[in-house]
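Below: one structure, written as structure tokens.
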Amino acid sequence: MPALIRTARVTGLLYLALAFAGALGFLLIRPRLFNAEDPNATLANLVQHEPLARIGVAFELLIVISQALAAAWFYRLFRTADRLAASAIAAFGLINAVMVLVSAALLATAVDLALDPIGDAAATVQLLYLTSGNLWGVGALFFGLWLIPMGRCVLRSNWMPRPLGWILVGGGIGYLLSAFIGYLAPDAQAIADVLVAPATIGEFWMIGYLLTRGVRRHAYDQAPSDGQPEAASATV
């Protein structure tokens, strides 16, 4: 199996791990613990469901690991197609991983405080969860920013279907807009959800393509050895 295909499939596995950890940790576990309207309920949930709360922290750490490794492997995959865009994928992915790492530390602190209260534990735990959620909210900027150069790499290289590249670019822009809408017009959440829909489609298409096809054959038949972007001129 050509090295580029192996790199593509490892990248796909890491991206799948990121999606899996994010879905379970942020979309499934967090809502079962955090009550936005009642700090006492959040505190009680952490005490009553301590194992689940700790699993939630573990999933945030898995997000950090998979995000950082996926960023590195995307750079390794696309560096001969467009080194600047590949570097941007890596940089924005790593920044997002750091933000989730801070979020994980806040959630771990919330669990510790719930089990060994100091002062107004309910209010402090609620504040920690709110801050964690806002880290995810502003982090959407960097998640959008990593999708845009990812789409550019797809378009420049012709290693994957061009519609995938445009969907990734559009999804990244949608993520950026949704982050601003979330804070400027919090009552327009439905619009923000619609804006990130293309990103979800593009991400799962990318994961599926990396795992099943990797890259088109001309990617490893014609890929340059000097790190320049000549591969972008290959025909579909």
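The values are calculated or read from the model by the stated rules, or taken from the named source; none is laboratory data. Remember, predicted model here, so these are calculated numbers, not experimental data. Cβ atoms come from the backbone with ideal geometry, glycine included; neighbour counts cover every protein chain shown. Protein only, heavy atoms only, side chains kept; ligands, DNA and RNA dropped before computing areas. Shrake-Rupley method; radii C 1.70, N 1.55, O 1.52, S 1.80 Å.
What 222 nm value per residue comes from the helices of the chain, counting each DSSP H run with n ≥ 4 as -39,500 (n - 2.57) and dividing by all residues, nearest 500 deg cm²/dmol?
That comes out to -27500 deg cm²/dmol.
Can you give the extra length, in nm with one decimal, that the chain gains between Val102 and Ala44 once fully stretched, where that is 0.36 nm per residue apart less the Cα-Cα distance?
Fully extending the segment from Val102 to Ala44 adds 18.6 nm.
Please report, in debye to the nearest 20, how large the charge dipole of segment 33-163 is about its Cα centre when each Lys and Arg carries +1 at its beta carbon and each Asp and Glu carries -1 there.
1140 debye
Would you be so kind as to identify which of Gly165, Ile95, Leu145 lies farthest towards the positive end of the dipole of the chain, taking Lys and Arg as +1 and Asp and Glu as -1 on Cβ and the Cα centre as origin?
Result: Gly165, furthest along the dipole toward the positive end.
Considering every pair of different Cα atoms, what Kirkwood radius, in Å, is found for segment 43-182?
16.4 Å
In Å², and per residue, what accessible area does segment 56-150 have when probed at 1.4 Å with the other protein chains present?
39 Å²
Using just the alpha carbons, could you tell me how many Å³ per residue the convex hull of the chain encloses?
That works out to 112 Å³ per residue.
Kirkwood Rh, segment 122-200, all Cα pairs: how many Å?
13.4 Å
Please report the Cα spread of segment 52-91 along all three principal axes, rounded to whole Å, starting with the longest.
Computed over the Cα atoms, the extents are 43, 13, 7 Å.
Go ahead and run the numbers for FRET between Leu130 and Arg217, Cβ-Cβ distance against an R0 of 41 Å, rounding to 0.05.
The computed FRET efficiency comes out at 0.25.
Using heavy-atom solvent-accessible surface (probe 1.4 Å) with all chains present, what is the largest-first order of Thr7, Thr200, Thr212?
Result, largest first: Thr212, Thr200, Thr7.
When the accessible area of segment 56-120 is split by element with a 1.4 Å probe, what percent falls to carbon and sulfur?
On the way: 2020 of 2730 Å².
The computed percentage sits at 74.
When the scattering of segment 114-161 is computed by the Debye formula from its Cα atoms alone, each counted once and equally, what is log10 I(q)/I(0) at q = 0.16, 0.17 Å⁻¹?
So the normalised log intensities work out to -0.61, -0.64.
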